[in-house]
Structures are given as structure tokens and as C-alpha cells.
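Asks: Before anything else, here's the structure in question.
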Amino acid sequence: MVKEMRSDLNPFSLSKHNSVIIKFAVSFLLVGLAFRLLVSGSFRFSSVVETSVPANKETKPESLMASLPAEEPASNYFEANKSQNSQSGKCDLFTGEWIPDPSGPFYTNQSCLQIEGHQNCMKNGRPDSGYLYWRWSPRGCSLPKFNPKKFLYLMRNKSWAFIGDSISRNHVQSLLCILSQVEQAVETYHDEEYRSKIWHFPTHNFTLSVIWTPFLIKADIFEDMDGVSSSEIQLHLDELDKKWTDQYRNFDYAIVAGGKWFLKTAIYHENNVVTGCHYCPGKNLTELGFDYAYRKAMQLIFNFITNSGHKTLAFLRTTTPDHFENGEWFSGGTCDRKLPFKEGEVNMTDVDTIMRNIELEEFAKAAALGPDKGVVLKLLDTTRLSLLRPDGHPGPYRQFQPFAEDKNAKVQNDCLHWCLPGPIDSWNDLVMEMIVNGGIYQ
């Protein structure tokens with residue numbers, strides 16, 4: 001017995017025992033360190049996952065805003081956007097398709113108070129809602145949904161203007177509705193007809209304006225709010241509308257857009273002399289065509305912007321197609337489709353093709369001069385993607401409950417403007433992506 005006990009205490013036996021203990025301790029420390037690194041990495045990963053919104057899950061605007069992280073540096077957001085598109089390099093934001101979007105819009109007619117009556121399709125009784133659940137998906141690159149919190153962060157102490165006709169007003173209302181989920185704007189100005197307005201976001205000191213100038217050049221218009229004319233429009237092709245040029249230096253950003261008003265009957269003036277007209281039978285004037293006037297206007301606009309000496313980031317938004325079928329707005333035209341078109345199922349009209357080609361040609365000339373003038377110009381080419389959305393217009397629901405008294409009532413349809421919420425909200429997805437990461441796009 002004594003021999004057995006002593007043998008356990010001999011020097012060789014004790015050294016071997018201690019070696020085993022040391023190895024066990026080192027192994028335990030290494031395992032613990034690895035576990036800590038793994039858990040720490042998991043927490044960092046989880047924090048990213050929790051702030052994103054699954055694409056296949058319906059999410060209310062309130063829960064979406066709740067999921068956004070607290071204020072973070074704008075530089076972090078720029079880097080995040082770059083990483084989403086760097087794999088594919090440059091891409092065209094304006095070529096793609098409309099894909100189902102189960103999450104739906106940011107807002108409703110109840111959560112946004114800025115929607116004008118003619119575009120408030122849900123309130124006016126439009127019975128279907130499928131048009132709300134689509135979003136634009138560019139081919140070859142990722143387009144994040146508009147982030148209103150980040151947009152307002154980037155727009156601190158800045159000013160923005162939408163300059164054009166009622167489609168520009170439609171567009172600015174979409175932006176107001178999205179931003180209202182973070183901060184309500186305060187209206188600080190409106191003209192007598194409520195066509196031009198200014199809003200202020202006091203928390204971010206951000207000013208947003210819409211300037212109603214349907215031709216962008218000087219025009220004498222004899223038309224009431226219902227579109228009834230008492231005389232031909234007098235259009236001055238060598239003079240811009242001071243309504244917007246006198247304010248231009250106040251803006252850090254501007255979206256300029258022309259459009260369908262150039263199709264109206266008009267008498268053209270240059271150097272204070274009548275030089276011709278568009279669609280003026282019986283006037284004994286040269287028919288110059290709307291395209292002549294539209295190109296003159298685009299040239300004048302870009303010449304002003306590039307030589308203004310003011311470094312506004314200026315967008316040109318291309319013409320907006322309408323979707324009247326079986327007639328025009330004044331002759332019983334309708335837009336009853338319930339689904340988007342797919343690429344190749346519809347072609348632009350000759351008029352829209354002419355207008356867009358003029359816009360692209362004159363933009364290209366101005367953009368080539370921009371860098372030398374210190375001016376940044378961007379093309380917001382919404383024409384083709386908008387062409388694919390015949391389902392997004394008010395149609396007969398530009399009026400409140402148009403069929404309440406008579407299901408077969410004949411009412412005027414609006415197949416040009418957009419329901420709010422609706423497809424026009426995707427225009428703002430594009431605008432924000434171009435501001436944050438516009439350099440990677442063709």
C-alpha cells in the first residue's frame with residue numbers, strides 16, 4: 001500500500017499530471033475566445049438583418065419607419081448604396097420591368113393629407129387596389145426603395161424645386177406623402193390658384209417648392225381651371241418664364257419638365273414678331289409644329305441653366321405618356337387596364353417619341369457643356385417605364401364616387417395623371433438613387 005501511494009507522488013508522475021492540466025486550460029481559453037468572436041459577429045449581423053424589410057412580407061408604413069436605424073452619418077449610406085451595385089458596374093436605371101411588391105406603398109390617402117382630390121383614387125371610390133403592389137426593378141442593378149429619413153437627413157438646410165406643369169405637381173405630392181411619414185411639411189405659400197406652392201420641413205430646415213409653368217417659357221394663357229380656352233395661347237419662343245428663372249438661384253436641386261401643353265393650339269412669337277403657330281386653321285399663319293416650339297424651349301432652358309452661374313443640381317424629367325384608349329380626354333377616352341404592360345407589349349406614340357427625342361438630344365448637348373460651366377445635369381428618363389403602367393391612372397375616379405348614382409354614367413377620364421399612392425412613387429426611388437449614387441449609372 002505504501003509503495004503504491006509513493007509511486008503516485010514521484011516526480012515523473014506529477015510532471016505528467018501537470019502537463020495534462022495545462023493543455024486542458026489552454027484549450028478551454030482558445031474555445032472560449034473563438035466562441036466570443038463568433039457570438040460578437042452574430043450580433044453585428046443581426047443588427048443589419050433587423051433593420052431591413054423582407055421583400056416578400058407585407059409591411060405597414062408605420063412598421064417600416066420603426067425599423068429604420070437611428071440617425072447615422074450620410075457617408076455610411078453612400079457606402080451602403082455603392083456596395084449594392086458595384087458587382088454589375090454601370091447599368092441603366094430606366095430599363096427594366098415592374099415586379100410585384102407585396103409590401104405596398106409607404107402611405108395611404110389616410111396617412112397623407114397632401115393628395116389633391118383628382119388623384120385621390122382610393123377616396124374617390126376606385127374599387128381595385130392591385131395597382132398599388134408593383135415596383136420598378138431596373139435590369140442589372142438594385143434600386144432600393146425611397147428612404148424618407150435618409151432623404152431628409154441629406155436635405156438639411158437645402159431647397160428643392162419641381163418646375164413644370166400639373167405632372168410636376170403630381171410628382172411633388174408623391175414626395176410630400178412619402179416624407180410625411182417622417183415629418184409633416186408646413187405650407188408657407190400658395191398662389192391664387194393653388195398651382196404653385198412652397199412647403200417647409202422645420203426640423204430639417206428643408207424647403208420644397210412646386211412652380212407651375214406649363215411651357216417653361218413665357219406664355220399668355222387664356223384658359224380657366226377647367227381647361228376651357230377663350231383665345232389661343234401666345235407663346236414667346238425666345239423668352240423664359242420669369243416665374244421660375246427669378247427664383248432659380250434659391251434652389252440646390254431642381255427637376256424641370258415640359259410636356260403636353262405644347263400640343264395645344266398656340267401662336268408663336270420671336271423677337272416680338274409672330275412667326276407661325278401650331279394647329280391654328282384659318283389664321284393664315286405658317287404651321288411650324290409643336291416640335292419646333294419644344295426644341296426652341298429646351299434650348300433656351302438648357303442655355304439658361306448652364307450659364308446661370310449657379311450650381312444647382314438640375315434634373316430634366318422626360319415627357320409623360322398618357323394611356324387613353326378608344327378616344328382622347330375630350331372624346332370619351334378611357335384607361336381600364338388593371339395590370340402593367342411588359343416590355344414589348346406597347347409602343348410609344350409618335351408624339352411622345354418626338355418629344356422624348358428632342359429632350360434627349362438637347363440634354364446631351366447641354367450635359368457635354370456642363371462640366372466646363374460647373375453645372376451638374378441629370379436625366380430622369382421616366383417615359384418608357386411610365387409607358388408600362390396603364391393601370392396607375394385615376395380614370396373615372398378623378399371625381400368623387402362617379403358611379404354612386406348611376407353605374408352607367410358617362411364621366412370624363414384622366415389617363416395622364418397618376419393615382420396617389422401609385423406608380424409615380426417609383427420616380428422618387430429613382431431620384432434618390434441618382435442623388436446618392438448617380439455616378440455608377442450610364
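The values are calculated or read from the model by the stated rules, or taken from the named source; none is laboratory data. In this text the structure is predicted, and so the values were computed from the model without any measurement. We place every Cβ from the backbone using ideal geometry, glycine too, and count neighbours over all the protein chains shown. Note: areas computed on protein heavy atoms with side chains; ligands, DNA, RNA excluded. Shrake-Rupley method; radii C 1.70, N 1.55, O 1.52, S 1.80 Å.
Asks: If I take the Cα coordinates of the range 238-282 and project them onto the principal axes, what are the three extents in Å, biggest first?
Replies: 46, 24, 11
Asks: Let's test the formula: R0 of 25 Å, r as the Cβ-Cβ distance of K243 and D291. What FRET efficiency results, to the nearest 0.05? Could you put the intermediate results ahead of the total?
Replies: Details: r = 24 Å, r/R0 = 0.97.
The value I calculate is 0.55.
Asks: Please go through the range 369-409 and write out the trypsin sites (Lys or Arg not before Pro) that DSSP classes as loop and that have at most 14 other C-beta atoms within 10 Å. Working shown, then result.
Replies: Numbers: sites: K373, K378, R384, R398, K407; in loops: K407.
Taking the range 369-409 and a limit of 14 other Cβ atoms within 10 Å, the loop trypsin sites (Lys or Arg not before Pro) found are K407.
Asks: Next question. Determine the gain in length on full extension of the stretch Q110-D224; use 0.36 nm per residue of separation and subtract their C-alpha separation, reporting nm with one decimal. Spell out each step's value before the answer.
Replies: On the way: separation 114, 0.36 × 114 = 41.04 nm, distance 3.02 nm.
Additional length available on full extension: 38.0 nm.
Asks: Using the Cα centre as the reference, give the magnitude of the dipole from point charges on the C-beta atoms of the range 321-442 (Lys, Arg: +1; Asp, Glu: -1; all else neutral), rounded to the nearest 20 debye. Display every interim value, and only then the final one.
Replies: Working: 12 positive and 20 negative charges, 31 e Å.
About 140 debye.
Asks: For F222, F330, write out the residues from largest to smallest accessible area, computed with a 1.4 angstrom probe and no ligands counted. Please list the in-between numbers first.
Replies: On the way: F222 90, F330 145 Å².
Final ranking, largest accessible area leading: F330, F222.
Asks: Sticking with this one: Would you please classify the overall shape of the range 104-192 from the alpha carbon gyration tensor, given that a ≥ b ≥ c denote the square roots of the eigenvalues, rounded means a/c under 1.5, and beyond that prolate means a/b larger than b/c while oblate covers the rest?
Replies: Values: a/c = 1.60, a/b = 1.05, b/c = 1.52.
Because a/c hits 1.5 or more and a/b fails to exceed b/c, the range 104-192 counts as oblate.
Asks: Let me ask you something else. Give or take rounding to whole Å, what are the principal axis extents of the alpha carbon atoms in the range 205-360, in descending order?
Replies: 47, 45, 30
Asks: Please work out how much length the chain gains when fully extended from T188 to V274, using 0.36 nm per residue of separation minus the C-alpha to C-alpha distance, in nm with one decimal.
Replies: Details: separation 86, 0.36 × 86 = 30.96 nm, distance 3.94 nm.
Length difference between fully extended and current span is 27.0 nm.
Asks: Quick check: pseudo-label points 7 Å beyond the Cα along Cα→Cβ at Q234 and D350, how many nm apart are they?
Replies: Once both label points are built, they end up 3.2 nm from each other.
Asks: Show S331, S230 ordered by accessible area, largest first, where the area counts protein heavy atoms only and the probe is 1.4 Å.
Replies: Numbers: S331 65, S230 105 Å².
Sorted by accessible area, descending: S230, S331.
Asks: Sort largest first and round to whole Å: the equivalent ellipsoid semi-axes of the range 351-442, each the square root of five times a Cα gyration tensor eigenvalue. Write down the numbers at each step before the final one.
Replies: Values: eigenvalues 277, 49, 18 Å².
They are 37, 16, 10 Å, listed largest first.
Asks: Alpha carbon centre of the range 272-351 versus the range 211-234: separation in Å?
Replies: 15 Å
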